[in-house]
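Reading through the structure tokens given below for one structure.
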Amino acid sequence: MARVLVADDHPLLRSGLRQLLDAEPGLEFAGEAADSDQVLAQIQTDCWDLVLLDLCMPGRGGMEVLREIRRTRPHLPVLILSMHAEEQFAARAIKAGASGYLSKTGTPAEVVSAIHKVLKGLKYVSPAVAGTLANSPLNGRPAHERLSDREFQVMCKIASGQTVSQIAAEARLSVKTISTYRSRVLEKMNMRSNAELTRYAIQQGLVD
């Protein structure tokens, strides 16, 4: 029986995944986490066969959590289940060590299929994402790929309309720290305002 840890800050989604996993032979919804601290604590205190991880959780960003899991439990498969567009986020997640990437708009059958594939030691991405990864150019890459994981997270939240204070509270960091990240993002992206970041993020499909 494969023990799955579900990490997502939405109780309704966790409840739905519990029903889905417990109804599937060979899979067990063995634990849940609502924020990044809970994820990392449970990783250290229990034995898991797979982690279903949301990219947007309170506390550390999902990419930072992923990298920490890779550092402390390098052989533990992590399947990303995210609301963000696959074409923009999957490559970054796979590069950071994820075993696969699923959109929350996918079907229950896709979730189960992806879990079984990852448990066999394989990678999972949708056919559309596989084509995107295979055909991505070596040069002329999007400007946001210059950003670190935390900078990328801050950029997306700014583009979604959150203030520096709101981002700081959610990430449990100081306003000064988030302001520094914002400055770095603007510098690396060669932009001068939040409005420019927002336009870029919308054009790239990084935010709705």
| First in the stretch 158-175 and under 20 Å from residue 207 (Cα atoms), second anywhere and assigned to a loop (DSSP other than H, G, I, E, B) and among the acidic types (Asp, Glu), Cβ under 9 Å, 6 or more apart | 160/208
| residue 118 being modelled with pLDDT of 85 or more, in the same structural domain as residue 76 (by TED's automatic domain parsing) and touching a Leu at 6+ places or on another chain (Cβ under 8 Å) | yes
| Between a first residue in the stretch 40-57 that is touching a residue at least 60 places away in the same chain (Cβ under 8 Å) and a second residue that is outside any helix (DSSP H, G or I) and surrounded by fewer than 19 Cβ atoms within 10 Å (Cβ to Cβ), which pairs have beta carbons less than 6 Å apart while being 6 or more apart in sequence or on different chains? | 49/2; 49/3
| query | Is there a residue in the stretch 60-72 that is touching a strand residue (DSSP E or B) at 6+ places or on another chain (Cβ under 9 Å) and assigned to a loop (DSSP other than H, G, I, E, B)? | reply | no
| message | Within the stretch 16-28, does at least one residue satisfy the condition of being surrounded by fewer than 20 Cβ atoms within 10 Å (Cβ to Cβ) and under 13 Å from the mean Cα position of the chain (by Cα)? | response | no
| How many of the residues making up the stretch 166-189 are under 11 Å from residue 150 (Cβ atoms) and either of a type in the set (Val, Ile, Thr) or not in a helix (DSSP H, G or I) (or both)? | 6
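The values are calculated or read from the model by the stated rules, or taken from the named source; none is laboratory data. Computed from a predicted structure; not experimentally measured. All Cβ positions, even for glycine, are placed from backbone atoms using ideal geometry, and neighbour counts span all protein chains on display.
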